[in-house]
Amino acid sequence: MKIAFAGIGSINKVHAQAAQNLGLELVAAVNHKPDSMVEFGERFGIARQYADVESMLKDGNVDALVVSTPNYLHARQTIAALDAGVHVMVEKPMAMNAQEAEQMCKAGEKSGALLMVAHCWRFDPDVLWLKEQSPRLGKIIRTKGYGVHTHWGPSGWFTQKEFAGGGALADMGIHALDTARFLLGDPNPVAVYAKIGTYYKDFDVDDTGVIIVEWENAATSYIESGWWQPHADGPEAATQLYGTQGFGQLFPTKLELPNVQEPKIDVIDSGFAFPRESHAPQSLYDAQLKYFVECIERNQTPIPGGLEGLINMKVVDAAYESSRTGKVTEVK
Ligand SMILES: NC(=O)c1ccc[n+]([C@@H]2O[C@H](COP(=O)([O-])OP(=O)(O)OC[C@H]3O[C@@H](n4cnc5c(N)ncnc54)[C@H](O)[C@@H]3O)[C@@H](O)[C@H]2O)c1
C-alpha cells in the first residue's frame with residue numbers, strides 16, 4: 001500500500017507515524033512550502049515531495065492519500081485524488097460546508113475510489129465499549145456531549161473563516177456530534193437549534209456553542225463546543241447517554257443501571273483508566289488508519305465515510321443557520 005500525505009502539520013505527523021506503525025509504504029508528501037517538507041521527509045523516509053496534490057497525482061504510483069490540510073483545501077485535494085482513482089482519508093471537518101461535502105461524495109461514487117472521513121472517536125476503545133453496552137440502557141432518549149478546549153484554543157488558519165469555514169463547532173463540536181450519532185446508531189438528523197458566538201477572542205469564527213439536535217428516532221442530543229472555555233464537563237468527545245433503563249457515559253466510561261430487586265444502582269465499570277496518559281493517543285490513529293487500509297483491501301465502503309461526514313456537515317451548517325436566525329433549522 002503506497003500512501004501519501006497532503007499537509008505535514010500536527011495531525012499528519014500522527015497519521016504518518018500510524019502508516020509507519022502499520023508497515024505501509026510512505027511514498028509522497030505535499031505542502032505548498034517546499035522547505036517545510038524536509039524534516040517530515042527525513043523523519044518518515046519520504047523522498048517524493050510536491051507543492052500541490054495535482055503534481056503528485058500526475059506522477060502516479062500512489063494508492064491512498066491522507067488529507068490533513070486547512071479545511072478550505074479538503075474538497076479540492078480530495079476530489080482531485082478521487083478523480084485520479086486514489087483512495088482518500090480526509091480529516092474532519094470533511095469540508096467547509098455540506099455543499100462541498102456533497103461534491104466530494106459524488107466524486108467518490110463516480111471514481112470508485114474510497115472516501116473515508118477521519119472521525120477518529122469511532123475507533124476509540126472506550127467509545128466502542130459504550131456502543132457495545134448501550135442496548136442495556138433501553139431506548140436512548142437523549143445524549144449530552146462535549147467538544148471543548150479549556151483555557152486554550154488554536155490560532156492561525158483555524159481562527160479564520162475563509163480557511164476554516166467554522167470555528168470551535170466545526171473543529172471540536174463535530175467530535176462530540178459524531179460520537180453522539182455513532183452511539184445512537186447513526187440516525188438521520190431532523191432539526192437543529194443552536195446558540196453560537198465569539199466571546200473569548202477577536203476572530204471571525206465561533207468560540208462558544210450550544211447545539212440541540214433532534215434525530216429521526218426521536219432522541220435528542222445536547223452538544224457544547226468551545227475554545228478558551230473556563231470549564232468543560234468532560235474531555236473531547238465525552239458523551240453521556242440517558243436511556244429508559246439506565247445511564248451510560250464516556251471518560252470515565254461506565255454504565256449505571258437501576259437494580260429494581262435491591263433497590264440500588266449497579267455500576268458497570270468499563271475497566272478503562274481515566275484520566276488517560278494521552279486523551280487522543282497514537283493507538284487511536286493507528287486503529288483508524290488500519291481500518292482505512294482494510295476497507296481498501298476488501299473494497300468496502302468505510303464507515304465513517306463520505307455519508308457520515310456529509311451528515312455531520314449538514315448539522316454544522318444547520319446549527320450556524322439556526323444561531324443566525326434564532327429559529328429551529330430543519331436538516332434536509
Ligand atoms: N482528528 C483529530 O484528532 C484532529 C486533530 C488535529 C487536526 N485535525 C484536522 O486536521 C486538519 C489539519 O489540522 P492540523 O492541526 O494538522 O493543522 P496544521 O496547521 O498543523 O497543519 C496543516 C498543514 O497543511 C499545510 N498546508 C497549508 N496550505 C497548504 C497547501 N496549499 N497545500 C498543501 N499543504 C498546505 C500546512 O503547511 C500544514 O503542514 C484540520 O482539518 C483539522 O481539523 C484533526
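Before moving on, here are some points about what is shown:
- In terms of its C-alpha gyration tensor, region 93-158 has an oblate overall shape, because the principal axis ratio a/c (a ≥ b ≥ c, square roots of the eigenvalues) is not below 1.5 and a/b does not outweigh b/c.
- Estimated inter-spin distance, Gln103 and Thr325, nm [label 7 Å along Cα→Cβ]: 2.4 nm
- The local environment of Thr208, defined by Cβ-Cβ distances under 13 Å, has a net charge of -2 under the rule Lys, Arg +1 and Asp, Glu -1.
- Region 238-305, relative contact order [Cα under 8 Å, separation at least 6], %: 17 percent
- Loop trypsin sites (Lys or Arg not before Pro), region 155-234, which have at most 14 other Cβ atoms in a 10 Å radius of their Cβ (DSSP): Lys201
- Net dipole in debye of the chain [+1 Lys, Arg Cβ; -1 Asp, Glu Cβ; about Cα centre; nearest 20]: 340 debye
- Relative contact order for the chain, counting Cα pairs under 8 Å that sit 6 or more residues apart, in percent: 19 percent
- Global geometry of region 1-77, whether rounded, prolate or oblate, following the gyration tensor of its Cα atoms and the 1.5 cut on a/c: rounded
- Annotation: His231 carries an accessible surface of approximately 120 Å², with a 1.4 Å probe and no ligand, DNA or RNA atoms counted.
- Neighbour net charge for Trp152 - beta-carbon separation under 14 angstrom, K R +1, D E -1: -2
- Estimated 222 nm signal from helices in the chain, with DSSP H stretches of n ≥ 4 weighted -39500 (n - 2.57), rounded to 500: -10000 deg cm²/dmol
- A rounded overall shape is assigned to region 187-331, the ratio a/c of its alpha-carbon gyration tensor axes (a ≥ b ≥ c) being less than 1.5.
- The distance between label points at Ser155 and Lys264 comes to 5.3 nm (points 7 Å beyond Cα on the Cα→Cβ vector).
- Solvent-accessible surface ranking, highest first, for Tyr242, Tyr50, Tyr193 at 1.4 angstrom: Tyr193, Tyr242, Tyr50
- Residue (of Thr179, Thr220, Gly197) at the positive-pole extreme of region 168-228, dipole from beta-carbon charges: Thr220
- If you take all other residues with their beta carbon under 15 Å from the beta carbon of Lys33, and give Lys and Arg +1 and Asp and Glu -1, the sum is -3.
The values are calculated or read from the model by the stated rules, or taken from the named source; none is laboratory data. A quick note: this is a predicted structure, and the numbers were derived from the prediction, not measured. A quick note on method: Cβ atoms are made from the backbone with ideal geometry, for glycine too, and the neighbour counts reach across all protein chains shown. Ligands, DNA and RNA are excluded from the accessible area calculation, which covers all protein heavy atoms including side chains. Shrake-Rupley method; radii C 1.70, N 1.55, O 1.52, S 1.80 Å.
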